[in-house]
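In what follows, a single structure is set out as structure tokens and then discussed.
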Amino acid sequence: THNRMTTRRGRKKTTTMTMMMQQRRYLQSKESLTHQGYLMDSITMKRIMLNIIAVQFLFSILCCSCSNAFSPISHSRIQMNNHNHEMNTKQSTMAASADDSTESNRTTGDAQPMLTFGILADIQYAPIPDGFSFSGTPRYYRHALSAAKHAASHFQKESASLVVNLGDIIDGKCQEIEKWCKEEMEASAATQTATGSSSVDTLTETQIEETEIKEESKSCATATATLPSNPGHDAIDDVLKALSCYHHGPILHTYGNHELYNLSREEISTRLKIPFVKEPCGDLVGYYSFTSPECQNLRFVVLDSYDISIMQRCPDKSTKRKKAQTILAKNNPNYPSLENSPEGLDGKEKRFVAFNGAIDEAQKVWLYETLESAKECGQKVIILSHQPIMPESSGDVCLIWNYPEVLAILRQYKCTVAAAFAGHAHKGGYKRDEESGIHFRVFEAVLESKDPIKTYAFVDFHHDRLVVRGYGNCKSATYDLDHLS
């Protein structure tokens, strides 16, 4: 007890001496301020004195408190609080950085395409019952018409800048409607006799829509109304009427073997607005290029893959027909009796059949010049043709006869040609050329999609990629254009 009392007295004495020294310093500071001309009133001086006394009182309490007032636990708590503060600061910084990055992507990203267009391949409409290909694949001839109309309406709704038709808009069986409809008509007549129902009652939904389109097309005046009756004329008019639901922009047509089964090149030119040119040899060839006013950076180059062909070429006078006959006779032992048969041919040799064709010298020169012009203008190019150009993008039996020559030209302009789109091979396919980086895409056929499936696509052209948005059986895909840089 004595020791405790002595300690307390010592602390008290020390505190009193400390207070006296602070008061003395205050008086000295006051005199100094007064000498310097800084005068303070009595109220301010009292406030200062009270503050000094309060500080001294708190100091004395701390001195008398327990010596473990600043314990390791308290120290650890402070460290934890500091750590939490640092973490919160880092998290806030990271969140801000993420927001900045996201905003940067929104600002600099290529979300909106420079051009969007619709695309269709191998509609092959015919007013006949469903059937099969030579290989046994089901084909839905009437449904193809309603599918084309649906696609055109969708293209219009989305305001596509243009539409691409990759050929075979109608089927060759249009020339044999009575043959293919005979069984259907006999079955329909038997049903009517047995049930007493009318023919209208037995129509399917697809047939009703087909009838409506046909009636509408008949009521429309056409530039070819005076031509002789041809089932192919009526069928192609029906398809064009279905496609007329789209009118926001132009439709770029290629033509294929099935158009040639029904129409002459003059008739194809009139109906599909393909600008055929007469070459010095006297034969018509339909190749052209197009640039949309909505996107000057992209040029479409449409090739005529039936430039050299036996179809719709004059047997006596056509130079190109004679070239085709020479090619087939040299490469296909089945020609001429089985000109469309690849039997006995291996691999890529299967392409030498009569339903294919080739590109002649004048068109190759034009292709060179067109690609060079696009290069000088800083344009990118999409090649359009009915027949595929690249092996492995489709079956060998569908390739252009002289595809190596065409491919060699495109490879020379690998920094200009973005992609090549084709039809003809109904299952579709894709291959990127390892040498050039060019994308070769074959689009799936409208014809082979069963109701209610409707096959078509939108293609979005961005500065760094092509995006295919497929519907029905058409596969969606994104193709980088890094080879163009």
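The values are calculated or read from the model by the stated rules, or taken from the named source; none is laboratory data. Being a predicted model, the structure only gives us computed values, none of them experimental. Cβ: placed from backbone, ideal geometry, glycine included. Neighbour counts: every protein chain shown. Protein only, heavy atoms only, side chains kept; ligands, DNA and RNA dropped before computing areas. Shrake-Rupley method; radii C 1.70, N 1.55, O 1.52, S 1.80 Å.
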Using a Förster distance of 35 angstrom, determine the FRET efficiency expected from the C-beta separation of CYS245 and LYS330, and round it to 0.05.
0.15
Once the dipole of the range 314-371 is set up with Lys and Arg at +1 and Asp and Glu at -1 on Cβ about the Cα centre, which of PRO315, THR326, ILE359 lies farthest towards its positive end?
PRO315
Determine the gain in length on full extension of the stretch SER337-ILE453; use 0.36 nm per residue of separation and subtract their C-alpha separation, reporting nm with one decimal.
38.0 nm
FRET efficiency for GLU372 and ASP482, using Cβ-Cβ distance with R0 set to 25 Å, rounded to 0.05:
0.65
I'd like to check one number: the per residue accessible area of the range 364-427, probe 1.4 Å, reported in Å² as a whole number.
34 Å²
Modelling each spin label as a point 7 Å along the Cα-to-Cβ direction, I'd like the VAL467/GLN296 distance in nm, to one decimal.
2.6 nm
How do the peptides 332-341, 298-307 rank, highest first, by the average count of neighbouring beta carbon atoms within 10 Å per residue?
298-307, 332-341
Under a Cβ-Cβ cut-off of 11 Å, what is the net charge of the residues other than ASP168 that fall near it, where Lys and Arg count +1 and Asp and Glu count -1?
-3
How large is ³J(HN,Hα), in whole Hz, for each residue of the range 249-260 in order, when computed from phi with the Karplus curve 6.51 cos²θ - 1.76 cosθ + 1.60 and θ = phi - 60°, using x for Gly and Pro?
x, x, 10, 8, 9, 9, 10, x, 5, 6, 5, 6
Dipole in debye (nearest 20) - the range 351-463, about Cα centre, beta carbon charges: Lys, Arg +1; Asp, Glu -1:
260 debye
Between GLU176 and CYS314, the two model label points (7 Å from Cα along the beta-carbon direction) sit apart by a distance in nm of 2.9 nm
Taking the Cα of LYS273, stepping 7 Å toward and past its beta carbon, and measuring to each backbone N in the range 141-167: which are under 13 Å?
162-165
Any idea how far apart ARG411 and GLN112 come out in nm if each label point goes 7 Å out from Cα toward Cβ?
4.0 nm
Have a look at LEU447, HIS483, VAL468 and report the one farthest towards the positive end of the charge dipole of the range 435-485, computed about the Cα centre with Cβ charges (Lys/Arg +1, Asp/Glu -1).
LEU447
